[in-house]
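Taking it in order: structure first as structure tokens, then the write-up.
Derivation of every value follows stated rules applied to the coordinates shown; laboratory data play no part. Everything numeric here is computed off the predicted structure, so don't read it as measured data. Reconstructed Cβ throughout: ideal geometry from the backbone, glycine too, with neighbour counts over all protein chains shown.
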Amino acid sequence: MELLKERIRTDGVIKPGNVLKVDSFLNHQMDIALFNEIGKEFARRFADVKIDKILTIEASGIGIAAIVAQYFDVPVVFAKKSQSINLDGTMLSAPVESFTHKRKYDVIVASRFLRPEESVLIIDDFLANGCAALGLCQIVEAAHASVAGIGIVIEKGFQTGGSMLRDRGLRVESLAIIESMDDETQTIEFR
């Protein structure tokens, strides 16, 4: 998706440790016009599969997933990163390690929001080591639903997540795959 790649080149900031900061348009301040184009592109890429629900993880995935859901006319479910008093009933959970936050936590979804036999599209902003996506897949499987695919806005192709998920037979559609990035020169190469 050239529009997204250009925005990453223009407004993305590469930090030491393979961190790409895109908070000016993707995961802090959100460019809704860009999100609409992202939604259209995911709708095009997953037009061949039935989608009953979209699943994401709080917090950065929620805005993107909400826009994408409009194009499929389905609800969005988001996995919470902590238990709260308003969560009740049976919970599905999976361990996740965040690349950006460098911490481990269990993500939680109320089982009543993912039904057996549903076809679930997982949407997230980044794919690095694949822990978040794998955790969401585990939740879908625990619900006896199926993963229709995984839609990623930005994949760090030089990290292991994408190949690990694809090796498991999962369909991963990434809108921008970064082959390499250099924090000293602020250059990014895409696949």
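Figure legend: label point modelled 7 angstrom from the Cα of residue 48 along Cα→Cβ; residues of segment 115-135 with amide N under 19 Å from it are 119-122.
Among the listed values [x] 67, 39, 36; [y] 64, 35, 30; [z] 50, 35, 33, the one computed from these coordinates for Cα extents along the principal axes in Å is [z].
If I model a spin label at residue 166 and residue 182 as a point 7 Å from the Cα along the Cα→Cβ vector, what separation in nanometres do I get? Taking the simple label geometry, residue 166 and residue 182 are separated by 2.5 nm.
The alpha-carbon of residue 21 sits under 19 angstrom from the alpha-carbons of these lysines, leaving out residues fewer than 8 places away in its chain: 5, 102, 156. Going by a ≥ b ≥ c, the root eigenvalues of the Cα gyration tensor, does segment 107-169 fall in the rounded group (a/c under 1.5), the prolate group (a/b larger than b/c) or the oblate group? Judged from the Cα gyration tensor, segment 107-169 comes out prolate (a/c at least 1.5, a/b above b/c). Residue by residue, segment 126-133 carries 3J(HN,Hα) couplings of 10, 10, 10, 8, x, 5, 5, 4 Hz when phi is fed to the Karplus relation 6.51 cos²θ - 1.76 cosθ + 1.60 (θ = phi - 60°); x denotes Gly or Pro. To test your reading of the geometry: what angle, between 0 and 90 degrees and rounded to tens, separates the Cα axis of helix 32-45 from the longest principal axis of the chain? Between helix and principal axis, roughly 70 degrees. Between residue 90 and residue 21, the simple label model (points 7 Å from Cα in the Cβ direction) yields a spacing of 4.5 nm. Taking the charge dipole of the chain about its Cα centre, with +1 at Lys and Arg Cβ atoms and -1 at Asp and Glu Cβ atoms, the residue from 163, 130, 94 reaching farthest to the positive side is 94.
Of the listed peptides 139-145, 11-17, what is their order by residue-averaged count of other C-beta atoms within 10 Å, with the highest listed first? Before the final figure, lay out each step's value.
Working: 139-145: 19.3, 11-17: 13.3.
The packing order, highest mean first, is 139-145, 11-17.
When DSSP assigns beta bridges and you keep just the ones with both residues in the chain, what percent turn out antiparallel, to the nearest 5? Could the numbers behind the result be given before it?
Working: 16 of 37 bridges.
Here the antiparallel bridges make up roughly 45 percent for the chain.
Secondary-structure-derived ellipticity at 222 nm for the chain, considering helices only, amounts to -9000 deg cm²/dmol, per-run term -39500 (n - 2.57) for DSSP H runs with n ≥ 4. For residue 50, the lysines whose Cα comes closer than 19 Å to its Cα, not counting residues fewer than 8 places off in the same chain, are 40.
Pick out, in residue order, every one of the trypsin sites (Lys or Arg not before Pro) in segment 100-160 that is DSSP loop and has at most 10 other C-beta atoms within 10 Å; say none if there are none.
Values: sites: 102, 103, 104, 112, 156; in loops: 102.
Answer in residue order: 102.
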